Amino acid sequence: MITSPRLRLRTLGRLCVLTSFLLQQPAAAAILTPAPAVHDVDWSSSPLDLNLRGLNGELFRFRCPSGKARPGQVIGSGPYTDGSSICAAAVHAGVLKAANGGIVTIEIRPGEAHYDASYSHFIQSESYQGFWSGSFLVMAPDAVERPPSAARGPRASAG
């Protein structure tokens, strides 16, 4: 299916030729491989920035450098909005220490009706009192597989 065609009209003498081609869209982010692969991020990287929204139930692992969270980087208390910093949320959740950095696993989730603020591990998260379309949970770095009984969000069927 062509979603963004651009049409070009070319004249050859009296014959007009109409050609169509797809606009080449720049990739906003590289396609990330789910866990157990580990991807390097910085303190401003969020699941939304990495185009992970809608991959509900998928686990991703990230390597955060040492650093420091800035005010406003974390929204929610777990789940977090997918616009929140992965590294800052990991510190807020107690999975990482900012001074050390390290590896964190997140699970992509559907959006929530609201997100509550809290103070945890020297980070004050913010609240959001409206619906936000995507969320994530922070998990321990070795949380790559879950028991079969663990509930996952809805998945699109192939085919």
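Things to note:
- Amide H contacts of Ser120: Ser125, each under 5 Å away and 5 or more positions distant or on a separate chain (H built 1.01 Å from N in the peptide plane; Pro and chain starts excluded).
- Approximate spin-label separation Asp142-Ala117, in nm, with each point projected 7 Å along Cα-to-Cβ: 3.7 nm
- Diffusion of the range 38-139 by Stokes-Einstein, at 10 °C in a medium of 1.306 mPa s and with Rh set to the Kirkwood radius over alpha-carbon pairs, works out to 123 µm²/s.
- Karplus-derived HN-Hα couplings along the range 126-136 (A = 6.51, B = -1.76, C = 1.60, θ = phi - 60°), whole Hz, x at Gly and Pro: 9, 9, 9, 9, x, 6, 10, 6, x, 9, 8
- Amide proton proximity set for Ser135, modelled H, under 5 Å, gap of 5+: Asp82, Arg109, Gly111
- Rel. contact order, % - alpha carbon contacts under 8 angstrom, at least six apart, the range 38-139: 33 percent
- The relative contact order of the range 90-141, computed from alpha carbon pairs under 8 Å that lie at least 6 residues apart in sequence, is 44 percent.
- 3J(HN,Hα) from dihedral phi, the range 55-67, Karplus parametrisation 6.51/-1.76/1.60, rounded to Hz, x for glycine, proline: 8, 3, x, 7, 9, 10, 10, 9, 9, 9, x, 5, x
All of the numbers you see were taken from the coordinates with simple rules; none came from a lab. What you see is a predicted model, and the numbers here were worked out from it, not measured in a lab. In this analysis, Cβ positions are derived from the backbone assuming ideal geometry, glycine residues included, and neighbour counts consider all displayed protein chains.
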